[in-house]
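Q: Dropping the structure in here first, questions after.
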Amino acid sequence: MAGVTKTYKQYADSVSFWVVKGTYEVYSSHPHLSICGAGRSAAVFKLPEENRVIKVYYPPFESVAKQEYINYMKITDHPQYASLYEVGTNYIVLEYIKGKTAFQCLHEGIHISLDQIKQVDDALGYARTQGLYPSDIHLHNLLITSDGLVRIIDIARFSNPKPCRQWDDLKAGYYKHYRKAYFPTQVPKWLMNTVAKIYRSRYPNRH
């Protein structure tokens, strides 16, 4: 096990970031790592030859690794959250989940069902029973697998007791617009990004 842990640390140490227009971006990483995505506090890479990913935090957010580890330990037995394998100073190693984000589904015209909305409600409700505060639930953090299961893939901010209405607002949009005949089959990325930007600007205290 010590060898595996050392390998994960080596992969994490291979990742470096730089700041472009106020945003952290990956500058370099080990050639065997393939990037899966990047968020406000970290970048996620697929590890080679195993169904795991390594989430490496940007320098100002390295302390979040331990907090997210604690959050995962509280909900480790729930099927809609990723399994946790390792934690380091600036990284965590998680289960690799193959699927499409809700953002990708809207863009590609893949239907999001009412049952999948209820799955998210149930998973967030479970987190609350474990003493967590579900937060930062948006289209990029909801992954839908080929068998229709919704997996929540970022719980770094679940320890923040500040109320977050993002999921409630997304759900309201689902009922008010998505299920209506006028809603487009495929939604352009630029439109979703514009709506998200307006939302953050108009409601800075709701996420």
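The values are calculated or read from the model by the stated rules, or taken from the named source; none is laboratory data. Quick caveat: nothing in here was measured; it's all calculated off a predicted structure. We place every Cβ from the backbone using ideal geometry, glycine too, and count neighbours over all the protein chains shown.
Q: Return yes when residue 67 is over 29 Å from residue 189 (Cβ atoms) and either part of a helix (DSSP H, G or I) or assigned by TED's automatic domain parsing to the domain that holds residue 151 (or both) and no when it is not.
A: Taking the combined requirement at face value, the residue satisfies it.
Q: With outside the structural domain of residue 15 (by TED's automatic domain parsing), among the β-branched types (Val, Ile, Thr) and over 29 Å from residue 194 (Cα atoms) as the only criterion, which of 76, 89, 129 stands out?
A: Criteria check complete, one pass: 129.
Listed here are the residues, each with its yes/no results for (1) crowded, with 19+ Cβ neighbours inside 10 Å; (2) within 17 Å of the chain's Cα centre (by Cα); (3) closer than 25 Å to residue 149 by Cβ.
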residue: 11; (1), (2), (3): yes, no, no
residue: 14; (1), (2), (3): no, no, no
residue: 31; (1), (2), (3): no, no, no
residue: 73; (1), (2), (3): no, yes, yes
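Q: Please name all residue pairs, on different chains or six or more residues apart, with Cβ atoms under 6 Å, provided the first residue is in segment 151-163 and is closer than 13 Å to residue 127 by Cα and free of Cβ contacts under 8 Å to residues at least 60 places away in the same chain and the second residue is among the small types (Gly, Ala, Ser) and assigned to a loop (DSSP other than H, G, I, E, B).
A: Short answer, once both residue conditions are applied: 157/135; 160/135.
Q: Take the conditions exposed (fewer than 13 other Cβ atoms within 10 Å of the Cβ), at pLDDT below 95 and over 16 Å from the mean Cα position of the chain (by Cα) and apply them to residue 184. Does it pass?
A: No; evaluated as a whole, the condition is false for this residue.
Q: Among the residues that make up segment 102-116, is at least one of them surrounded by 13 or more Cβ atoms within 10 Å (Cβ to Cβ) and of a type in the set (D, E, K, R)?
A: Looking through segment 102-116, none of the residues is surrounded by 13 or more Cβ atoms within 10 Å (Cβ to Cβ) and of a type in the set (D, E, K, R).
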